[in-house]
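The values are calculated or read from the model by the stated rules, or taken from the named source; none is laboratory data. These numbers were taken from a predicted model, which means no experiment stands behind them. As a convention, Cβ positions derive from the backbone with ideal geometry for all residues, glycine included, and neighbour counts pool all protein chains shown.
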Amino acid sequence: MELRYPLKSLYGDYLRALIGMVILGTPFFYSLINGSFVVTTIMGMLLSLFLIFGIRTYFRQITIISVGDDGIASSGPFGRRLAWNDLVQVDLRYYSTRREKAGKGDGWMQMKICDSGGCMKFDSSLQHFNDLAAKVAATAFQNNAEMSETTIENFTAMGITIAIPEEAVE
């Protein structure tokens, strides 16, 4: 199964990067002309943050996540591979966009999966995120991977439950 971040879900990030670069680019170039070193430095640093955010969004757009029976791999500028057998930690977090409506779907989820060599992160705008989360949850349980109470509660909130094998109950 190949997964991507849909372009539609990235439009907001591209727009934020563009607006930030336009708003900060104007005083940056004005300070270049007038020679204010302090303002130029501050605006240049802030402008570079929005530029990096835009580049990061582009990298997400071109990244392809391949999920197979033996593991998961991402291709792109920072590609990485993780074998399911090596999964040692899973962290699934929910981020609410509105305080008063926390837990009512006004937010997004971010999943981090780790092996001994590093981690991979995915957010819920990824295509088929729920299917990936179900695969990760089942694999994490089989591997006895480290999961916090919050992670288990978030899997449950997504409707993902894991049947305990009979040999584990004994």
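Residue by residue, here is whether (1) part of a helix (DSSP H, G or I); (2) closer than 23 Å to residue 5 by Cα holds:
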{"site": "41", "(1), (2)": "yes, no"}
{"site": "47", "(1), (2)": "yes, no"}
{"site": "55", "(1), (2)": "yes, yes"}
{"site": "65", "(1), (2)": "no, yes"}
{"site": "74", "(1), (2)": "no, yes"}
{"site": "93", "(1), (2)": "no, yes"}
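Could you tell me whether any residue of region 70-88 is in contact (Cβ under 8 Å) with a residue 24 or more places away in the chain, assigned by TED's automatic domain parsing to the domain that holds residue 150 and touching a Leu at 6+ places or on another chain (Cβ under 8 Å)? Among the residues of region 70-88, at least one is in contact (Cβ under 8 Å) with a residue 24 or more places away in the chain, assigned by TED's automatic domain parsing to the domain that holds residue 150 and touching a Leu at 6+ places or on another chain (Cβ under 8 Å), which makes the answer yes. Surrounded by fewer than 15 Cβ atoms within 10 Å (Cβ to Cβ) and modelled with pLDDT of 90 or more: which single residue out of 76, 105, 68 fits that description? Just a single option satisfies the conditions, and that option is 68. Does any residue in region 130-155 that is within 12 Å of residue 112 (Cβ to Cβ) come within less than 7 Å, Cβ to Cβ, of a residue that is in a helix (DSSP H, G or I) and among the aliphatic types (A, V, I, L, M) six or more places away or on a different chain, and which pairs are these? Sorted first by the residue in region 130-155, then by its partner, the pairs are 147/140. In summary, residue 42 fulfils each of the numbered conditions (1) over 20 Å from residue 123 (Cβ atoms); (2) touching a strand residue (DSSP E or B) at 6+ places or on another chain (Cβ under 7 Å) with the single exception of condition (2). Could you list all residues from region 26-43 that are within 29 Å of the chain's Cα centre (by Cα) and crowded, with 17+ Cβ neighbours inside 10 Å? 43, the sole residue that qualifies.
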